[in-house]
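Here's the structure, in structure tokens; my notes come after.
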Ligand SMILES: [Zn+2]
């Protein structure tokens, strides 16, 4: 009996303590969207001891929310979560990120601010929708942003459009947010892109229709 108890405590000590160690509502930092028809509740995740500053993350999301507002989408109920996890989880790497999601069961859409990606090809920011998550279901409706990503508000908004529309489609239209290269001059969404985002996002339960 004693041996069993010792063995159990060893197993606990050796397993990775992964948990949400802090949570803060940041809805007040998001822009008001008077003409919003839909809302999206974005959940943000960063890791204890990482280089990301929470103020930078929240400010970037607020500016992303401004870009999405042109489709009549308001970011509401945004929460920033601090995750305590061994360093190997601080990187986007499919097998470990799946394991992370199985542990913390994040509400979606969820945006993870990671140190870097260990996936190949390595993107600064990457979104996983429904249709490209069949082999990695835990990662559906998540976004992974590497530290140092350029044009952060544009990158987050661009990836949110991918997730909400469940589409990997890019646009060649000048100034369009969905150019494959993110840049501050690419900020516009067409009415067709908004339509798809609203229809698919609502059907997938990521967007809620707002009642007047
Ligand atoms: Zn893209």
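The values are calculated or read from the model by the stated rules, or taken from the named source; none is laboratory data. Everything numeric here is computed off the predicted structure, so don't read it as measured data. Here the Cβ positions follow ideal geometry from the backbone for every residue, glycine too, while neighbour counts run over all protein chains shown.
Within region 170-181, residues that are over 17 Å from residue 156 (Cβ atoms) and more than 11 Å from the ligand (Cβ to nearest atom) sit with their Cβ atoms under 7 Å from residues that are assigned to a loop (DSSP other than H, G, I, E, B) and modelled with pLDDT of 95 or more, at 6+ positions apart or across chains, in these pairs: 173/190; 175/185; 175/186; 175/187.
From the set of residues in region 124-135 that are more than 14 Å from the chain's Cα centre (by Cα) and touching a residue at least 12 places away in the same chain (Cβ under 8 Å), which is farthest from the ligand (Cβ to nearest atom)?
Across region 124-135, the extreme among qualifying residues is 131.
Working only within region 117-165, note down all residues that are part of a loop (DSSP other than H, G, I, E, B) and under 24 Å from residue 55 (Cβ atoms). Correct list: 124, 147, 148, 149, 150, 151. With respect to the conditions (1) surrounded by 14 or more Cβ atoms within 10 Å (Cβ to Cβ); (2) in contact with a helix residue (DSSP H, G or I) (Cβ under 9 Å, 6 or more places away or on another chain); (3) over 18 Å from residue 63 (Cα atoms), residue 190 falls short on a single one, namely (2). Run residue 175 past the list (1) in contact with a strand residue (DSSP E or B) (Cβ under 7 Å, 6 or more places away or on another chain); (2) loosely packed, with under 15 Cβ neighbours inside 10 Å; (3) more than 13 Å from residue 67 (Cβ to Cβ) and report the number of the one that doesn't hold. Of everything listed in (1) in contact with a strand residue (DSSP E or B) (Cβ under 7 Å, 6 or more places away or on another chain); (2) loosely packed, with under 15 Cβ neighbours inside 10 Å; (3) more than 13 Å from residue 67 (Cβ to Cβ), residue 175 misses just condition (3).
Output the residues belonging to region 190-212 that are closer than 25 Å to residue 29 by Cα and out of contact with any strand residue (DSSP E or B) (no Cβ under 7 Å at 6 or more places or on another chain). Matches in region 190-212: 194, 197, 205, 211, 212. Among the residues here, residue 89 qualifies as over 15 Å from residue 44 (Cα atoms), away from the ligand (no atom under 16 Å from the Cβ) and touching a residue at least 40 places away in the same chain (Cβ under 8 Å).
Here is a check on your reading of the model: is residue 68 closer than 19 Å to residue 187 by Cα, outside any loop (DSSP other than H, G, I, E, B), touching a residue at least 40 places away in the same chain (Cβ under 8 Å) and within 14 Å of the ligand (Cβ to nearest atom)?
When the stated conditions are applied, residue 68 does not pass them.
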